[in-house]
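In what follows, a structure is listed as structure tokens, so that the remarks can point back to it.
The values are calculated or read from the model by the stated rules, or taken from the named source; none is laboratory data. Since the structure is predicted, the reported quantities are computational estimates derived from the model, not experimental observations. Methodologically, a virtual Cβ is constructed for each residue, glycine included, from the backbone with ideal geometry; neighbour enumeration extends over all protein chains shown. All accessible areas refer to the heavy atoms of the entire protein, side chains included, with ligands and DNA or RNA removed. Shrake-Rupley method; radii C 1.70, N 1.55, O 1.52, S 1.80 Å.
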Amino acid sequence: MEEIKKEKGWHQFIRLVGQTKKPSKLMVGSALLLSLCTTGVGLLVPLFTKDLINDFSLSSLSAGKVTLLVLAIIIQALAGGVSVYLLNRIGQSVVAGIRDQLWKKLLVLPINYFDEHPSGETVSRMTNDTSVVKGLISEHLANFVNGVISIIGSIIVLFLLDWKMTLVMFISIPLAVAILLPLGKRMHQISKGMQDETASFTAVLQQVLTEIRLVKSSNAEPIEYQNGKKGITALFQFGLKEAKINALVSPVMSLVMMGLLVLILGYGGMRVSSGALTAGALVAFIMYLFQIVMPMAQLAEFFTQFQKATGATERIVSILDTVEEEDSTYQVENMNQTIKVDHVNYSYHNGEQILKDVSFNVESGKVTAIVGPSGSGKTTLFSLFERFYKPQEGSITIGGQSIHDFTLLSWRSQIGYVSQESPIVSGTIRDNICYGMERDISDEELHRVAKMAYADQFILELPAGFDTEVGERGMKLSGGQRQRIAIARAFLRNPKILMLDEATSSLDSKSEQVVQQALNNLMKGRTTIIIAHRLSTVIDADQIIFLEKGKITGRGTHTKLFNSHSLYREFAEQQLHKLELA
């Protein structure tokens with residue numbers, strides 16, 4: 001089972017690197033050729049030393065030999081430096097390609113992926129896991145390539161120098177493998193655990209820092225400190241386990257190599273004394289041995305890092321292999337048609353059925369309101385209209401054609417969505433109003449939609465106007481200001497379908513009046529679907545759908561439902577009574 005996992009890790013890593021289609025074969029070939037030159041020159045130095053020791057005399061030190069040696073060392077240094085740069089550049093380009101693929105993939109994943117994976121965990125995959133892969137390719141791959149070439153070249157020369165001593169040297173290889181293999185497997189397990197814990201810790205950090213106002217207002221600092229401390233402690237424990245593995249690998253490998261060196265010196269000394277080997281050859285042999293020993297340590301480190309990288313690769317590949325949002329090829333042509341919800345059933349992955357045999361029509365150019373107790377499925381219905389999810393049973397059609405037959409781009413571009421807490425991105429007011437628009441927006445057009453949304457007055461009063469920074473999630477703006485920016489954004493999109501998710505419920509009475517006026521302007525001539533908790537905002541709707549526990553229990557105008565639907569009438573009387581008291 002472990003061998004299967006190992007093969008899978010190798011296969012996934014190679015496939016992941018191959019998918020980037022970077023870098024060019026010329027760059028890879030140049031880097032390998034320079035590495036080969038570097039190692040080749042390095043292999044010549046011990047041979048020069050051998051001849052120098054065997055025939056040592058002042059007369060033998062000719063200027064030509066010395067010059068040749070100096071040139072060889074300079075060429076080796078230059079070629080080595082360029083090859084290391086090229087290999088690092090290769091690593092950086094591969095990782096940039098992986099991050100590009102991952103980012104592109106994340107943007108087209110369905111909403112249910114993000115429902116099941118905390119955003120902090122996903123951020124960790126994008127940053128921490130790719131950094132592990134980057135470290136392997138950029139920092140260790142160059143040493144690995146140079147080390148392999150150095151070891152192979154040195155072994156070939158050693159066999160030519162003295163094949164008996166070379167065979168003695170090979171005694172250490174099974175011993176090193178026997179030590180490194182179980183340690184590598186253990187490192188892989190530790191690495192996967194550390195990456196999972198890092199993702200969880202990142203999720204905690206992001207949640208707390210994003211909702212820091214809630215933390216402080218709830219006096220939850222001690223609780224969140226303990227939650228964070230658990231993650232810190234867990235990462236510390238994984239770090240200690242990793243340190244133990246590293247602490248075993250280096251000394252054990254050093255011990256093996258030191259024992260090998262003593263063995264070679266002892267056996268080599270005997271062969272020198274017997275005349276079977278020259279002193280120069282023994283010195284050259286030891287120099288070649290170091291050209292094997294040093295890369296062996298680098299190879300051991302490479303395989304340790306590779307075990308960590310395969311764990312990260314598994315997480316990255318799992319995201320890249322996730323099924324994307326379902327799309328189609330047809331463009332939406334006529335939105336001025338009836339939207340029909342026909343026997344729709346929907347359940348989330350936990351199995352709880354949210355919508356149960358829901359059927360109704362949304363007439364073009366009219367206002368349809370969806371009301372009911374919390375948890376009745378109103379927001380889920382909106383998500384189905386937006387195509388964030390797809391019904392397990394039933395269909396949603398427009399003009400008799402399923403909305404899933406259209407491209408996501410053409411369908412969603414026809415929808416304007418204003419929610420209870422309209423999302424605001426970091427940046428300027430201009431950035432937020434123009435968000436998602438591919439074309440350039442003129443100042444005149446920007447002022448026009450801001451005026452239609454009753455947002456122009458407060459924007460122009462700001463020192464920087466439309467270039468005012470709004471802060472993270474628009475924290476520098478009031479709730480009413482954020483809503484009016486969202487409405488201006490909807491005006492700019494000029495949607496055919498407008499969806500309002502209780503867009504005024506969290507506002508004070510003064511802001512609500514201004515926002516409601518802006519919404520009335522926006523609703524003119526558009527098909528409008530409203531989720532409402534305040535029935536006062538939908539009394540004049542052309543149709544009201546009453547949802548209870550995922551089922552439609554009433555439909556009609558306000559008057560009809562007030563007279564025929566007991567729960568609707570109860571809602572209406574409670575709210576009207578509150579309005580009278582106010």
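Structure data summary
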quantity: Boolean, Q481 is among the polar types (S, T, N, Q) and within 30 Å of Q207 (Cβ to Cβ); calculated: yes
quantity: Residue, nearest to the chain's Cα centre (by Cα), within the range 371-404, restricted to residues that are open to solvent by less than 30 Å² (accessible area, probe 1.4 Å) and of a type in the set (F, W, Y); calculated: Y389
quantity: Residue in the range 112-126 that is open to solvent by less than 60 Å² (accessible area, probe 1.4 Å), over 18 Å from R315 (Cβ atoms) and modelled with pLDDT of 80 or more present; calculated: yes
quantity: Subset of the range 415-427 that is open to solvent by less than 50 Å² (accessible area, probe 1.4 Å) and not β-branched (V, I, T) - its residue that is farthest from G525 (Cα to Cα); calculated: G427
quantity: Pairs where the first residue, in the range 242-263, is touching a residue at least 60 places away in the same chain (Cβ under 8 Å) and in a helix (DSSP H, G or I) and the second is among the basic types (K, R) and open to solvent by 70 Å² or more (accessible area, probe 1.4 Å), C-beta under 7 Å, 6+ apart; calculated: I245/R186
quantity: Selected residue [in contact with a helix residue (DSSP H, G or I) (Cβ under 6 Å, 6 or more places away or on another chain) and either at positive phi or open to solvent by 20 Å² or more (accessible area, probe 1.4 Å) (or both)] from R412, R439, R473, R430; calculated: R430
quantity: Exclusive hit being at pLDDT below 90, open to solvent by 50 Å² or more (accessible area, probe 1.4 Å) and more than 24 Å from L106 (Cβ to Cβ), set Q291, Q298, Q305; calculated: Q298
quantity: The range 222-272, subset of a type in the set (F, W, Y) and touching a helix residue (DSSP H, G or I) at 6+ places or on another chain (Cβ under 9 Å), residue surrounded by the fewest Cβ atoms within 10 Å (Cβ to Cβ); calculated: Y267
quantity: Residue match in the range 527-537 (condition: in contact with a His (Cβ under 9 Å, 6 or more places away or on another chain), surrounded by fewer than 22 Cβ atoms within 10 Å (Cβ to Cβ) and either assigned to a strand (DSSP E or B) or of a type in the set (S, T, N, Q) (or both)); calculated: no
quantity: Count - residues of the range 344-359 that are surrounded by 13 or more Cβ atoms within 10 Å (Cβ to Cβ) and at positive phi; calculated: 1
quantity: Evaluation of L500 against (1) without any contact (Cβ under 8 Å) to a residue 40 or more places away in the chain; (2) surrounded by 22 or more Cβ atoms within 10 Å (Cβ to Cβ); (3) not in a helix (DSSP H, G or I) (one fails), failing number; calculated: (1)
quantity: Residue in the range 312-324 that is of a type in the set (G, A, S) and open to solvent by less than 30 Å² (accessible area, probe 1.4 Å) present; calculated: yes
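Here's the yes/no breakdown for (1) surrounded by fewer than 17 Cβ atoms within 10 Å (Cβ to Cβ); (2) part of a helix (DSSP H, G or I); (3) at pLDDT below 75:
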| residue | (1), (2), (3) |
| --- | --- |
| I155 | yes, yes, no |
| L183 | no, yes, yes |
| R186 | yes, yes, no |
| M194 | no, yes, no |
| A203 | no, yes, no |
